[in-house]
1. Any of K28/K172; K201/K274; K147/K298 with alpha carbons more than 27 Å apart? Name them for me.
2. Could you work out the helix-only [θ] at 222 nm for the chain, with each DSSP H run of four or more residues adding -39,500 (n - 2.57) and the total divided by the number of residues, to the nearest 500 deg cm²/dmol?
3. Go through 294-304, 235-245 and give me the packing order, highest mean Cβ count within 10 Å leading.
4. When the Karplus curve 6.51 cos²θ - 1.76 cosθ + 1.60 is applied with θ = phi - 60°, which whole-Hz ³J(HN,Hα) does each residue of region 190-195 get, with x for Gly and Pro?
5. Tell me the angle of helix 341-354 to the major Cα principal axis of the chain, expressed in degrees between 0 and 90 and rounded to the nearest ten.
6. What do you get for GluC sites (Glu not before Pro) in region 197-301 restricted to DSSP loop and a cutoff of at most 11 other Cβ within 10 Å of the site's Cβ?
7. Sort the chain into rounded, prolate or oblate with this rule: let a ≥ b ≥ c be the square roots of the eigenvalues of the Cα gyration tensor; rounded if a/c is under 1.5, and if a/c is not under 1.5, prolate when a/b is larger than b/c, oblate otherwise.
8. Taking the Cα centre of the chain as origin, work out the dipole magnitude from +1 charges on Lys and Arg Cβ and -1 charges on Asp and Glu Cβ, in debye rounded to 20.
Amino acid sequence: MRYIEANGYSLEVGSLLDSSFAQLLEDKYAESKKIIIVDENTHEYCLEFLVANFDALSEAEVIQVPAGEDTKQISMATQVWEALSDYEVSRYDVIINVGGGVITDFGGFVASCYKRGCDFINIPTSLLAMVDASIGGKTGVNLGGYKNQLGVFSNPVGLYIDPEFLETLPAKELESGFGEMLKHGLIADEELYRDVCALMKSGEPIGEDVLIRCIEVKNKIVREDPNEKGLRKILNFGHTIGHAIEGHYLNSQPLTHGHAIALGMVMEAYLSVKVNGLAQAMYLEIEAFILDYYRFPKFSDEDIQAMLLLVQNDKKNRAGKVLCSLIPEIGRCTYDIPVRQELFLEVFLHFKNQQLNLN
Ligand SMILES: NC(=O)c1ccc[n+]([C@@H]2O[C@H](COP(=O)([O-])OP(=O)(O)OC[C@H]3O[C@@H](n4cnc5c(N)ncnc54)[C@H](O)[C@@H]3O)[C@@H](O)[C@H]2O)c1
């Protein structure tokens, strides 16, 4: 079991059975109602393990929401708040989020707003949630085509990362998690970047060592800057364009979050060459790896116009300027770099014309 110092809560990596989870339920929530939020997949693959192994959960109420990004909506949150109210859940009870990043984002938001804040515990079950989404206290839902427009910073009382849950995760979702693992390397640790690339190429199971190194990158950044006043913005590398791609294709040919971010990263690495001093050779190395691993959707001129609009309305922008986090080299990232709209058009056209690895 690996114990990692987090922002005032337990972050443990290893078997849930050996963790402090049972003790936490007993010490703090013996008299409390326990509510478990799952989606249909984590209901099928993860819930039974919890209920069978933790006596305290034998009478837990289970709230199931649909799997997928569409769940991150205020209308769905309202339905869950009504269910909590029907179950007479009080602010002294505890919500346990069991799922991928959709469930930890959504469940954290639901818990944080319910009766002005109810405790929650995160048990991430997708790779992406383990290395990224469940850590750092960002919770929220989408609004229209824009991601995470409504939300609050709020930390869980416990975060338990048990790699065993990855056993049932579909390959496409593993690839998605790799996208954020690559990001952690690209922004903070060159050696980690190369190790994640090697792991992805090898197809071998994910070792706990590399998983923990990724968790530590994210955790260190969010501890230093919990409310994204400065440093934490580096975690947004790839996200200005990545969120535009994810949002634009959501209803036609949805991409997983990590896939969209991987495409966003290669495109923002291109911007990094133009405005942040990234050496062309490093860019070409990133491009070769990402384009070999992830497929690009075909961009039409209409797609590009729609995505440019999404970029222009990105929530990180200030005073009409699009501000990006870009890498001057592999393993380092700087933030709040203004990027002109013409340059975004250039990068979209570059990738349209390259026609590499197209579906
Ligand atoms: N809060 C943050 O800091 C942060 C950071 C990165 C991403 N995110 C958010 O995370 C979300 C993406 O997370 P995700 O990729 O985990 O998506 P997800 O929650 O939709 O999970 C992906 C799929 O895997 C399934 N699944 C999860 N665990 C499983 C398991 N053990 N076995 C079988 N199936 C399983 C889910 O049901 C779903 O179908 C996005 O909404 C993104 O915005 C948040």
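1. Flagged as over cut-off: K28/K172; K201/K274.
2. Numbers: 13 runs with 165 residues, N = 359.
When only DSSP H runs of four or more count, the value is -14500 deg cm²/dmol.
3. Numbers: 294-304: 15.3, 235-245: 26.5.
Ranking, from highest mean packing down: 235-245, 294-304.
4. Ordered by residue, 3J(HN,Hα) equals 4, 5, 4, 4, 5, 5 Hz.
5. Helix 341-354 sits roughly 80 degrees off the main axis of the chain.
6. Sparse-neighbourhood loop GluC sites (Glu not before Pro): none present.
7. It comes out prolate by the Cα gyration axes.
8. On the way: 31 positive and 52 negative charges, 316 e Å.
Dipole about the Cα centre, nearest 20: 1520 debye.
The values are calculated or read from the model by the stated rules, or taken from the named source; none is laboratory data. Remember, predicted model here, so these are calculated numbers, not experimental data. Positions of Cβ are generated from backbone atoms using ideal geometry, with glycine treated the same way; all protein chains shown enter the neighbour counts. Heads up: the accessible areas ignore ligands, DNA and RNA and are worked out on the full protein's heavy atoms, side chains in. Shrake-Rupley method; radii C 1.70, N 1.55, O 1.52, S 1.80 Å.
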